[in-house]
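**Q** One structure coming up, written as C-alpha cells, with questions to follow.
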Amino acid sequence: MGKKVLVTGASRGIGAACARALANDCDCLVINYLNTDSTAETLAAELGGTAVRADVADSAQVRQMFETMDRLDVLVCNAGISLVKLFTDTTENEWRKLLDTNLGGVINCCQAAIPLMVRQKYGRIIIISSVWGVTGASCEAVYSASKAALIGLTKALAKELGPSGITVNCVAPGVIETDMNAALTPEDRAALISSTPLGMIGEASDVAALVRFLATDEARFITGQVIGVDGGFVG
Ligand code: NAP
C-alpha cells in the first residue's frame, strides 16, 4: 500500500518542493495552503494530489481538514510565516499571530495526526524549524522563539511517540530562495551568503531532499533529531 502524505503550506516554496519530492512515493497527497487557491490547485493537479485550504493556526479548520482521513503516514509541518521587526516594536497581534501559526499550527496538526498514526503503529512527522531557532536572529526574535519551540516539541514528541512506531524529526533550513526572503536587500543577501561556508543561498529542493529521506523506511532509526540544511551556517 502506498503512503498517505500531508504537507502543510505546500502551495509555494519549501512546502511545494516537499510535495513534489514525496509525490512519487505516495498514493494520497494532501497539499494544504491558506490563500493561494489557484497555485495550490495547479500543483495538486500536476502531482495527482488534493489541495485543501485550512488555516493551520485554527484548530477547528485543522480538525475539518483531517475529518475524512482514516490514515496518515507522513505529516510535514511546514506552514509558517516570518516577521522582521525590532522586538520592542512588535505588537501583541503580530507576535500572537506568528506563534499561533508557526507553533500553534504544528501543535494543531500533530494533535490531529497522532491518533491516526498511533492506531497504525506507524508514522513519520517532519517539522520545519529554521537555523534561527538554533542560533537566534536579530530583528526576528519572535520568529526565532517560534522555531526554537519546534525543536523542543520535536524532541519531546520523539520520546512520547517512539513506543508507537512514530518518528519525529526537525529540519532546520538556512537561507532558502523562496517568497519568504523576497524582501531581503542585496546587502542582506550578500551578508547571509558570506556567513554561509558553502557561499550560496539554498533551494527549496535542498530541504525537500532531506524531508523525502526522513519519510522513507531507510530513516526508521532516526528520531528526535534537528538536522540542518544550511550550507554550514550553523557550525
Ligand atoms: P513561503 O514561500 O512564504 O510559503 C509559505 C507557505 O505556508 C505557503 O504555502 C502559505 O500558503 C503557507 N501558509 C502560511 N500561513 C499558513 C497558515 N496559517 N495555514 C496554512 N498555510 C499557511 O515560505 P517558505 O520560505 O517556503 O517557508 C516554509 C517553511 O520553512 C516556514 O515554516 C519557514 O519558517 C521555514 N523556513 C524558511 C526558510 C527560508 O529561508 N525560506 C528558512 C528556514 C525556515 P499560501 O500560499 O496559501 O499563502
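The values are calculated or read from the model by the stated rules, or taken from the named source; none is laboratory data. All of these numbers come straight from a predicted model, not from anything done at the bench. Virtual Cβ from ideal backbone geometry, glycine too; neighbours counted across all protein chains shown. The area values use the complete protein model at the heavy-atom level, side chains included, leaving out ligands, DNA and RNA. Shrake-Rupley method; radii C 1.70, N 1.55, O 1.52, S 1.80 Å.
**Q** Of all residues being touching a residue at least 60 places away in the same chain (Cβ under 8 Å), surrounded by 20 or more Cβ atoms within 10 Å (Cβ to Cβ) and under 16 Å from L72 (Cβ atoms) in region 17-30, which is farthest from the ligand (Cβ to nearest atom)? Just the residue, please.
**A** So the residue we want is L22.
**Q** Using beta carbons and a limit of 9 Å, which pairs, at least six apart or on different chains, have the first residue in region 35-49 and within 12 Å of the ligand (Cβ to nearest atom) and the second one assigned to a helix (DSSP H, G or I) and open to solvent by 20 Å² or more (accessible area, probe 1.4 Å)?
**A** What qualifies is L43/R20.
**Q** Continuing with the same structure: Can D100 be described as touching a helix residue (DSSP H, G or I) at 6+ places or on another chain (Cβ under 6 Å) and of a type in the set (D, E, K, R)? Explain how you work it out, then say what you get.
**A** Values: touching a helix residue (DSSP H, G or I) at 6+ places or on another chain (Cβ under 6 Å): no; of a type in the set (D, E, K, R): yes.
No, not satisfied.
**Q** Give the residue, chosen from T135, T91, T178, that is free of Cβ contacts under 8 Å to residues at least 40 places away in the same chain, more than 22 Å from C26 (Cβ to Cβ), of a type in the set (S, T, N, Q) and open to solvent by 20 Å² or more (accessible area, probe 1.4 Å).
**A** When all the criteria are applied, what remains is T91.
**Q** Determine which member of the set L161, L184 is without any contact (Cβ under 8 Å) to a residue 24 or more places away in the chain and either surrounded by fewer than 17 Cβ atoms within 10 Å (Cβ to Cβ) or not in a loop (DSSP other than H, G, I, E, B) (or both).
**A** Working: L161 fails: without any contact (Cβ under 8 Å) to a residue 24 or more places away in the chain.
Checking each option against the conditions leaves just L184.
**Q** Filter region 64-88 for residues that are within 14 Å of the ligand (Cβ to nearest atom), within 14 Å of C110 (Cα to Cα) and in contact with a helix residue (DSSP H, G or I) (Cβ under 7 Å, 6 or more places away or on another chain) and give the result.
**A** Those that are within 14 Å of the ligand (Cβ to nearest atom), within 14 Å of C110 (Cα to Cα) and in contact with a helix residue (DSSP H, G or I) (Cβ under 7 Å, 6 or more places away or on another chain): F66, L75, V76, C77, N78, A79.
**Q** If you don't mind, another one. Say we look at region 209-221 and pick out the residues that are within 19 Å of L72 (Cα to Cα) and part of a loop (DSSP other than H, G, I, E, B); which of these is least open to solvent (accessible area, probe 1.4 Å)? Let's see the steps before the verdict.
**A** So the first thing to find is which residues in region 209-221 are within 19 Å of L72 (Cα to Cα), and the list is 211-220.
Going one step further and asking which of them are part of a loop (DSSP other than H, G, I, E, B), we end up with 215-216, 220.
Working: A215: 6, T216: 30, R220: 182 Å².
By that ranking, first place goes to A215.
**Q** Applying the selection to region 1-16, what residues are open to solvent by less than 20 Å² (accessible area, probe 1.4 Å) and part of a helix (DSSP H, G or I)?
**A** G15, A16 - these are the residues of region 1-16 that are open to solvent by less than 20 Å² (accessible area, probe 1.4 Å) and part of a helix (DSSP H, G or I).
**Q** Taking region 150-184, which residues are within 15 Å of the ligand (Cβ to nearest atom) and polar (S, T, N, Q)?
**A** At the first step, the residues of region 150-184 found to be within 15 Å of the ligand (Cβ to nearest atom) are 150-151, 153-154, 169-184.
Across region 150-184, the qualifying residues are T154, N169, T178, N181.
**Q** For region 30-73, what are the residues that are touching an Asp or Glu at 6+ places or on another chain (Cβ under 9 Å), in a strand (DSSP E or B) and of a type in the set (A, V, I, L, M)?
**A** I31, A51
**Q** Would you call M117 in a helix (DSSP H, G or I), farther than 22 Å from V84 by Cβ and not small (G, A, S)? Give the derivation first.
**A** Working: in a helix (DSSP H, G or I): yes; farther than 22 Å from V84 by Cβ: yes; not small (G, A, S): yes.
So M117 fits the description; yes.
**Q** Then there is this: All but one of (1) assigned to a loop (DSSP other than H, G, I, E, B); (2) open to solvent by 40 Å² or more (accessible area, probe 1.4 Å) hold for D206, so report the exception by its number.
**A** (1)
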